[in-house]
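Below is one structure, written out as structure tokens; comments come after it.
The values are calculated or read from the model by the stated rules, or taken from the named source; none is laboratory data. Predicted model only: the values in this text are computed from it and were never measured. With ideal geometry, Cβ positions are generated from the backbone for all residues, glycine too; neighbour counts draw on all protein chains shown.
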Amino acid sequence: MAMSNVSLNGSTLSSTLNFIQLQLGRYGMTFFSIFGNIGCILNICVFLQPSLRANSCSVYFIATSIGTFLVLNFGLLTQLLNYGYNISPVNGISLFCKLRAYLSVVFTMLDRSSLSIACVDRYASSSSNVRIRHFCHLNNAYRLLIINTLFWFIVQIHILLFLDIKDGICGIISNVYKTFNPFWNLIVVGLSMPLLMGIFGCMTLLNVRKMHQRIKLNTYTNSVANRIRSKDYQLITMLLFQVSVHILLIMPYQIHTLYSTLTQSMKKSSIQIIIEDFTSFITTFLTNISSCLTFYIFTLTARTFRKELYNLLNDFCLNHLFKNKYSTNISQRNNG
């Protein structure tokens, strides 16, 4: 009787969690995919504006937005099909199975590592040491992004070697790699970038406090320097808010990965497996949300970003929408 109740409870729990997962996968991921793509495109357009694109931090923000855009349209899209519609395109073609996993991780790391380098950049820009501030030159930013891109494409190449379709399912085909991969994902993919972001974010805050103290002592700071400093402060604020939200939303996934890795050899009940599978989905869902919020965080936290966004949208409306409408009206009048 007790076994029957456990089985019934497990079946009810499984049905309930599967329903929640289906709804979140179908509608939640669709919602965040649409608004995430819009946000990425607007981010790129805003940071390409003349007043911002000369700043090295803006270059890293553009790189982060491009990485996020690729993650949304490659990694998240297949998750949406899988969780929302029970369609697994990766299980049909070996090449797609390999490339989907490889490129998803590469694009994710390009996104996170660009954000991490931006933290280093803001630390350098807020430093009183001239040599350290030299790191913020635009040429250095372009070089670092090229090196960063090549690095992750090379470092993650092992995914192509040890992933394939086995028994109709895309997955790891080597038992040795099955043991190695969780630790690699936890340390390299999961913890390395948030750790860098946290360290340099805290060091940047300390530099900013010291800078504030120096400004109070220096009463002869000219207005131009104040404007430049104000823009740097806003970029720092945008970055720190973005990093805080990013770490907050991706850490549950890393904690779950650590737990799964440490308990993978343990015997688990059916209810425990159901709960762990659902937890895996929820933590993955939170990680995807992190990728979609950048634009909205920037809009809420920085006056300069809002101003540039307003100017961008205003110019677009005046030069395209209203201009075309005005031209159409003039043409109709002439023809009439």
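Among the residues in segment 259-273, are any within 26 Å of ILE199 (Cα to Cα), surrounded by fewer than 16 Cβ atoms within 10 Å (Cβ to Cβ) and within 21 Å of the chain's Cα centre (by Cα)? For segment 259-273, residues within 26 Å of ILE199 (Cα to Cα), surrounded by fewer than 16 Cβ atoms within 10 Å (Cβ to Cβ) and within 21 Å of the chain's Cα centre (by Cα): absent.
When every residue of segment 42-64 is checked against the conditions, none turns out to be at pLDDT 85 or above, farther than 30 Å from LEU240 by Cβ, more than 18 Å from the chain's Cα centre (by Cα) and among the polar types (S, T, N, Q). Taking the criterion of being under 16 Å from the mean Cα position of the chain (by Cα) and farther than 16 Å from LEU144 by Cα, the residues of segment 66-82 that qualify are THR68, PHE69, LEU70, VAL71, LEU72, ASN73, PHE74, GLY75, LEU76, LEU77, GLN79.
Contact annotation: residue pairs with Cβ atoms under 6 Å, 6 or more positions apart or on different chains, pairing a residue in segment 1-20 that is part of a helix (DSSP H, G or I) with a partner that is modelled with pLDDT of 80 or more and not β-branched (Val, Ile, Thr), are GLY10/SER270; LEU17/PHE278. Look at segment 190-207: where a residue is within 21 Å of VAL105 (Cβ to Cβ) and modelled with pLDDT under 90 and a partner is in a helix (DSSP H, G or I) and hydroxyl-bearing (Ser, Thr, Tyr), sitting 6+ places away or on another chain with Cβ atoms under 7 Å, you get GLY190/THR257; MET193/SER113; MET193/SER116.
Checked against the criteria, LEU318 does not count as surrounded by 14 or more Cβ atoms within 10 Å (Cβ to Cβ) and either under 30 Å from ASN18 (Cα atoms) or modelled with pLDDT under 90 (or both). Residue-level analysis places ASN37 among those that are closer than 30 Å to LEU138 by Cα and at pLDDT 90 or above. Selection of segment 161-175 for residues being in a helix (DSSP H, G or I) and either acidic (Asp, Glu) or surrounded by fewer than 15 Cβ atoms within 10 Å (Cβ to Cβ) (or both) yields LEU161, ASN175.
Of everything listed in (1) at pLDDT 90 or above; (2) of a type outside the set (Gly, Ala, Ser); (3) over 21 Å from ALA54 (Cα atoms), the single unmet condition for LEU145 is (3).
Of the listed requirements (1) among the hydroxyl-bearing types (Ser, Thr, Tyr); (2) loosely packed, with under 14 Cβ neighbours inside 10 Å; (3) modelled with pLDDT of 80 or more, THR221 misses just one: (3). For residues in segment 128-142 being surrounded by 13 or more Cβ atoms within 10 Å (Cβ to Cβ) and aliphatic (A, V, I, L, M), which is modelled with the highest pLDDT? Taking the candidates together, the pick is ALA141. Kindly list, by first and then second residue, each pair from a residue in segment 225-245 that is farther than 17 Å from PHE295 by Cα to a residue that is modelled with pLDDT of 85 or more, limited to pairs with Cβ atoms under 6 Å and residues at least 6 apart or on different chains. Close Cβ pairs satisfying both conditions: LYS231/THR304; ASP232/SER125. Within this structure, HIS256 fails the test of being at pLDDT below 90, under 30 Å from ALA63 (Cβ atoms) and exposed (fewer than 14 other Cβ atoms within 10 Å of the Cβ).
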